[in-house]
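**Student:** First, the structure itself, so that you have it in front of you.
The values are calculated or read from the model by the stated rules, or taken from the named source; none is laboratory data. Predicted model, so just to flag it, every value in this text is computed and none were measured. Because the Cβ atoms are built from the backbone with ideal geometry, glycine has one as well, and the counts that use them run over all protein chains shown. The protein model used for the area step is the full one, side chains on, heavy atoms only, and it has no ligands, DNA or RNA in it. Shrake-Rupley method; radii C 1.70, N 1.55, O 1.52, S 1.80 Å.
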Amino acid sequence: NAGVTQTPKFQVLKTGQSMTLQCAQDMNHNSMYWYRQDPGMGLRLIYYSASEGTTDKGEVPNGYNVSRLNKREFSLRLESAAPSQTSVYFCASSGAGGEAFFGQGTRLTVV
Amino acid sequence: GIQVEQSPPDLILQEGANSTLRCNFSDSVNNLQWFHQNPWGQLINLFYIPSGTKQNGRLSATTVATERYSLLYISSSQTTDSGVYFCAVVHMYSGGGADGLTFGKGTHLIIQP
């Protein structure tokens, strides 16, 4: 049982480049989330999807787009990366019971 | 939005000591979780505890929802307990909707041998 799987684990981008972070869960959860974690801070919600076909903005959505491809997969896209988007990104999912489970994170550096 | 405050921000203990970490939140919650972020950055689920008391080995947690706080107890600390401990909550809005977990800034725990 893999849980929540994110790819890639590490990425370096140049300012202005685009990329998509992938996330998949195998727990049949309805809800999926993308967070970012900056040094010395807790995680902040970027976007979430309460169910397949729906997405909503979180606390820090600017500069990002998301796609809930199906029940398993939820991707995060940076259209034009900026140094301020250097961060560690976490994907998570939760089911009817409410408990959230996190992927291993993606460390993104924008130079 | 809901505010989550954790204390203390930093804690240094000797191996074998006990500790209590606190999480205060500003509104009613229908989900509260404690996580341990290890030195490799992995977030490990410790407790899902919107109310009541749970224990798992040397760790236990209590949430008093009516008073808007939760406590995480670590007994007989080991060096492997080092890392950052996060409290995170979900607030259900009056219209029935809810977004994701809101995290506190964490307690950075260092256990010295």
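**Student:** Go through segment B:21-35 residue by residue and turn each phi into a ³J(HN,Hα) via Karplus (6.51, -1.76, 1.60, θ = phi - 60°); whole Hz please, and just put x for glycine and proline.
**Tutor:** Along segment B:21-35, the couplings run 10, 10, 9, 10, 10, 8, 8, 5, 10, 10, 7, 9, 10, 10, 10 Hz.
**Student:** Between A:V88 and B:E5, what is the FRET efficiency for a Förster distance of 22 Å, r being their Cβ-Cβ separation, to the nearest 0.05?
**Tutor:** Values: r = 22 Å, r/R0 = 1.01.
Efficiency computed from Cβ-Cβ geometry: 0.50.
**Student:** For a quick check of understanding: with a 1.4 angstrom probe and all protein chains in place, what accessible area in square angstrom does B:S26 have, to the nearest ten?
**Tutor:** 50 Å²
**Student:** Given the protein chains as shown and a 1.4 Å probe, how many square angstrom of B:H36 are accessible, to the nearest 10?
**Tutor:** Rounded to the nearest 10, the figure is 20 Å².
**Student:** For chain A, with every protein chain kept in place, what is the accessible area per residue (1.4 Å probe, Å²)?
**Tutor:** Numbers: 5150 Å² over 111 residues.
That works out to 46 Å² for each residue.
**Student:** Further question on the same structure: Which of rounded, prolate or oblate describes segment B:34-91 when judged by the alpha-carbon gyration tensor and an a/c cut-off of 1.5?
**Tutor:** Numbers: a/c = 2.52, a/b = 1.48, b/c = 1.70.
The shape class here is oblate.
**Student:** Next question, about the same structure. At a 1.4 Å probe, what is the % contribution of carbon and sulfur to the accessible area of the protein assembly as shown?
**Tutor:** The nonpolar share, carbon plus sulfur, comes to 49 percent.
**Student:** Using θ = phi - 60° and the Karplus curve 6.51 cos²θ - 1.76 cosθ + 1.60, what whole-Hz ³J(HN,Hα) does each residue of segment B:68-74 get, with Gly and Pro shown as x?
**Tutor:** 6, 8, 9, 10, 10, 10, 10
**Student:** A plus B alone minus the pair: what accessible area, both sides summed, probe 1.4 Å, in Å² to 100? Kindly include the intermediate steps, with their values, before the conclusion.
**Tutor:** Working: alone 5810 and 6090 Å², together 10590 Å².
Chains A and B together bury approximately 1300 Å².
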